[in-house]
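Take a look at the structure below.
The values are calculated or read from the model by the stated rules, or taken from the named source; none is laboratory data. All figures in this text were calculated on a predicted structure; none of them were measured in a lab. Please note: Cβ atoms are built from the backbone with ideal geometry, for glycine as well, and neighbour counts cover all protein chains shown.
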Amino acid sequence: MDRSRMIQYKPQDEAGSLCFSQVDPDVLAGEVGAFFAGRRYRLEEGTPLYGVYGTGSAVLRALFGAFARRYKFQVVIQPQDAYVWLRVGKAMSGAMGGVIGYSRMRKETVAILQGLQAYFSS
């Protein structure tokens, strides 16, 4: 089965919006879930249409700071007229890891946004 195809990407400060046409929001939510699952993320809060995907342990991050892998991203899938928008942004700052945590969070954010663009462009 073919994946939904993005028709436009709008970068924002530490976030991004992908636009789709002629796609069912629930189908898109399933594809987004598959993308995150492929990167070892799981839905931690909310629903596939409005939720937070995360990876790693919050406890280990609190104990070991930047030495523990922990990332969270908020996903919002919103129909608007003939289009469906996928908005993805970080759901944590990385502050618990200090300067290293901020840097790693920034790199992971870039990797997720570029990964989503590639995933929905092919």
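A few notes on this one:
- Screening Pro48 with (1) outside any loop (DSSP other than H, G, I, E, B); (2) over 10 Å from the mean Cα position of the chain (by Cα); (3) at pLDDT 90 or above gives one miss only, at (1).
- Residues in the stretch 32-45 that are buried (at least 16 other Cβ atoms within 10 Å of the Cβ) and more than 13 Å from Val88 (Cβ to Cβ): 1 in all.
- Within the stretch 61-77, the set of residues being on the phi < 0 side of the Ramachandran plot, at pLDDT below 70 and not hydrophobic (A, V, I, L, M, F, W, C) comprises Arg61 only.
- Candidates Ala58, Ala91 - the one that is aliphatic (A, V, I, L, M) and either modelled with pLDDT of 95 or more or over 15 Å from the mean Cα position of the chain (by Cα) (or both): Ala58
- Only one of the numbered conditions (1) over 12 Å from Val76 (Cβ atoms); (2) in contact (Cβ under 8 Å) with a residue 24 or more places away in the chain; (3) surrounded by 13 or more Cβ atoms within 10 Å (Cβ to Cβ) is not met by Pro48, and that is (1).
- Complete set of residues in the stretch 11-40 that are under 20 Å from Val110 (Cα atoms) and of a type outside the set (A, V, I, L, M, F, W, C): Pro11, Gln12, Asp13, Glu14, Gly16, Ser17, Glu31, Gly33, Gly38, Arg39, Arg40
- Filter pass, Leu18 being within 14 Å of the chain's Cα centre (by Cα), within 12 Å of Val88 (Cβ to Cβ) and either part of a strand (DSSP E or B) or in contact (Cβ under 8 Å) with a residue 60 or more places away in the chain (or both): yes
- Qualifying residue in the stretch 30-42 (condition: modelled with pLDDT of 95 or more, assigned to a strand (DSSP E or B) and out of contact with any helix residue (DSSP H, G or I) (no Cβ under 8 Å at 6 or more places or on another chain)): no
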